[in-house]
Structures are given as structure tokens and as C-alpha cells.
Amino acid sequence: MTTQKMRSLKKLEIILDGAHLGFATDLIERAGVKGYTILHNLSGKGSTGFHAGQLMFNEDDVLVMVLAAVPEDLVDPLLEGFAAFFAEHSGVVFVSDIQVMRPEKFGR
Amino acid sequence: MTTQKMRSLKKLEIILDGAHLGFATDLIERAGVKGYTILHNLSGKGSTGFHAGQLMFNEDDVLVMVLAAVPEDLVDPLLEGFAAFFAEHSGVVFVSDIQVMRPEKFGR
Amino acid sequence: MTTQKMRSLKKLEIILDGAHLGFATDLIERAGVKGYTILHNLSGKGSTGFHAGQLMFNEDDVLVMVLAAVPEDLVDPLLEGFAAFFAEHSGVVFVSDIQVMRPEKFGR
């Protein structure tokens, strides 16, 4: 991938009850992340396998996924904010590596 | 990422005809995975590039994506189950590496 | 993962205004990619953090995500096509590593 300049970022996928969407987007914006994408009307069930014995969602809950690509140094502050929230509410945060296309005309 | 304890898991993204959603979630639950998320009303076309000459979906099909985060030792049993299914039905399974936030209050 | 043969591919996640969905799918098909999946009715805001000061989407825009798994040698040609498009339009392309299940009955 030499032609296009790519930037290595971390992808956060935050899945939570749609009623709390504003919490997630506020937290992301206050961390200085300039943008995000929202997937609506998801459903889910169970505990994602790591909250043993604790039901996270019912099949009737309407979930959302907030997708944000952030620099690595913002991951920890964001996870701290979400950890406090998910101590009280159901949901999960996935973190993974991505490359994002950054055309030369856009600086930072 | 020192503040929050993260757990390395495998993300499975299973895309299949919505009519077969129950097969996918049953298989996941029987493998011992405690939860999953469902994205509804996707569409798709073609063969994802590896089923040469075989059309997987029409543009009119309503697809779903089942998203599950599983420990690595469950990947193989799950793929075996899905391989048998996808030998007869259209769809695809993506596997990728993710980190999942695990607040300290949740053990395993 | 020894039982199922897996193939390493690159996952492209292209997020753009739904009005331009046809551009994205045409570009993917012309590159020789045999299939893709479309997630509809997403929303989004801001600049994904790397287009400083440039608003990409309003909250009222209806976005789509086109998801395609492609061989690594197709990533660059595809990104070239998308770079030209995104020089004029809002949106983003994420690239990440995935493994795709390839049942033995399907060759390539």
C-alpha cells in the first residue's frame, strides 16, 4: 500500500442500549475525536462471554453501535470513561487495529 | 492501554440469509458463547471473491450479520459448525483479532 | 485453527453518503471483487478525527457502509479509486486484517 498514505488508528466499536447513545457520543466528542458513525437497530443477547452469569441484553432491547477511529493515545482515556459507564450499564467495547485512508490533501 | 484490563478475543462476523439467523445463534450458544449482537437488514451481492463463479446473494435477499467475541479455543469448533452449514447455504464468516474491555469487577 | 482452511484477506469498510452507494459498489465490482455486503441507514457526524476542521457528515445524512473482503493486491487499486472520490465527497475507508473461512469444496 504505497500509493495511498494510510494512517494506523484504533477502531472502537461501542455497543450499548440505544437509550444511552448520547452518553457514548458525548464521551467521544469530549475526548477530542472529531467524528463517529452510528449503526442503529441492532439486537443482542447474553453477556458476550466474559460477564459470567450476567445477562447484558434482552432480545427486545434496541442496541446501537458507535464506531470511531481514534489515535492510540486516546484509547485509554476513552476506555476509562466507558468502564465507569459499563460498571452500571450493559454493553461492550471492542478495540481493533485499522488503517485509515488519508488523502494527501488532508493534513492534521 | 494499562489502565483498563483488556482481553484478547476473536471477533466472528457471520453474514447469512436472515431466514437462517436462528441456526447461527443456536450454534453460537451451544458452543458456550454467552452473547452476541445482530445487525439486521443488510444486503449483499456476489461471492465475496472466493467462491469463484458462484453467486452467494441476490440484491433482494435480506441478510443479517451476527457478531460475537469468542475465546480463541472456540473458533475452530464454531467454524466447523458453520462450514457444514455454508457448504449448503450462502454466506461468509470473517475472523479478526480484537481487544475487549473487561472491567475489573467482572471476573472469569 | 487447523481444521478449517482460512484465507487472509483485507477487509475494506467504506462509509459514505447513501446517495453514492452505486459509485462504491461499481468501483468494487470493476476491481474484480466478486461480492460485498451493505449496511444501510447509518448516521454519523464530524470528521473521524483526521480531516481537521472539515465536517464530513451532518447528523441528518443517511450513510451506508460497504463491506468487502479483498486480496491484498487489490487494496491499492481500490484505495486509489476511493481517494479520488473522497477528495470531492465525504466519507472514509477503513482497512483491516481478517481471516475468511473457505470450505474445502470451494477452490480458487
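For this structure, a couple of remarks:
- Average partner coverage of C:88-100, which counts Cβ from other chains inside 10 Å: 6
- By the count of neighbouring beta-carbon atoms within 10 Å, fewest first, B:Asp26, C:Asp61 end up ordered B:Asp26, C:Asp61.
- Above-threshold pairs, the threshold being 19 Å between Cα atoms, out of A:Lys5/C:Lys45; B:Lys11/C:Lys34; A:Lys11/B:Lys5; A:Lys45/B:Lys11: A:Lys5/C:Lys45; B:Lys11/C:Lys34
No lab work stands behind these numbers, since they all come straight from the coordinates. From a predicted model like this one, the values you see are computed outputs, not experimental measurements. Note: ideal-geometry Cβ built from the backbone for every residue, glycine included; neighbour counts use all protein chains shown.
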